[in-house]
Structure formats: C-alpha cells, structure tokens
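The values are calculated or read from the model by the stated rules, or taken from the named source; none is laboratory data. Quick caveat: nothing in here was measured; it's all calculated off a predicted structure. Cβ placement follows ideal geometry from the backbone for every residue including glycine, while neighbour counts extend to all protein chains displayed. Surface areas here come from the heavy atoms of the whole protein model, side chains and all, with no ligands, DNA or RNA. Shrake-Rupley method; radii C 1.70, N 1.55, O 1.52, S 1.80 Å.
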Amino acid sequence: MNTIKLEIPEMRHFVEPVARFEKTGSGVIYEVHDATSSSGKQILSRLQAGHSDGSTQTSIRDLASATWWRFI
C-alpha cells in the first residue's frame, strides 16, 4: 500500500478534521474544516454516505482511528 504523510498546521486544533483536495491544472489545492462546521459537515456527510455504498475507503478497519477517503 502506498502512503502519504503530510502536515497541515491549520488543522492542529480541530476536534475532527476533514479536508477536500482538488487536482487542478496548476497543482493540488485543498481546504480544511472541522467536521462541526457547515462545510465540514458536508464533507463528513459525503464520506459517511460513501462508507454505506462502498465508495469511501479507510486505512484500517477501526473506523474511529482510520483515515477515510473518497474520490469524487
């Protein structure tokens, strides 16, 4: 399995951080939110919906500790 480790300092104090990454012609852009914010709730909702239909993947089986991702 390939892994990537990155640091996003602006997420340091978030209780439940979520991020959205987008590949553009000039590189990758991202936005980060706490899952309790309006935008964070939207991202978390999409991840949870994807878990139900199989489009969200996780790094490990323990969902509380796993990294979740989904390609849209």
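Brief remarks on what is shown
- Residue in the range 22-31 that is surrounded by 11 or more Cβ atoms within 10 Å (Cβ to Cβ), at pLDDT below 95 and among the β-branched types (Val, Ile, Thr) present: no
- If you go through the range 3-56 and pick out every residue that is in a loop (DSSP other than H, G, I, E, B) and on the phi > 0 side of the Ramachandran plot, you end up with 1.
- Single residue of ARG46, ARG12 found to be more than 12 Å from the chain's Cα centre (by Cα) and open to solvent by 50 Å² or more (accessible area, probe 1.4 Å): ARG12
- Verdict on SER65 being modelled with pLDDT under 95 and among the small types (Gly, Ala, Ser): yes
- Hits in the range 49-64 - residues which are open to solvent by 50 Å² or more (accessible area, probe 1.4 Å) and β-branched (Val, Ile, Thr): ILE60
- Taken as a whole, the condition of being within 13 Å of the chain's Cα centre (by Cα) and exposed (fewer than 10 other Cβ atoms within 10 Å of the Cβ) applies to PHE71.
- Scanning the range 32-43 for residues that are free of Cβ contacts under 8 Å to residues at least 12 places away in the same chain and hydroxyl-bearing (Ser, Thr, Tyr), we see that the one that is most open to solvent (accessible area, probe 1.4 Å) is SER38.
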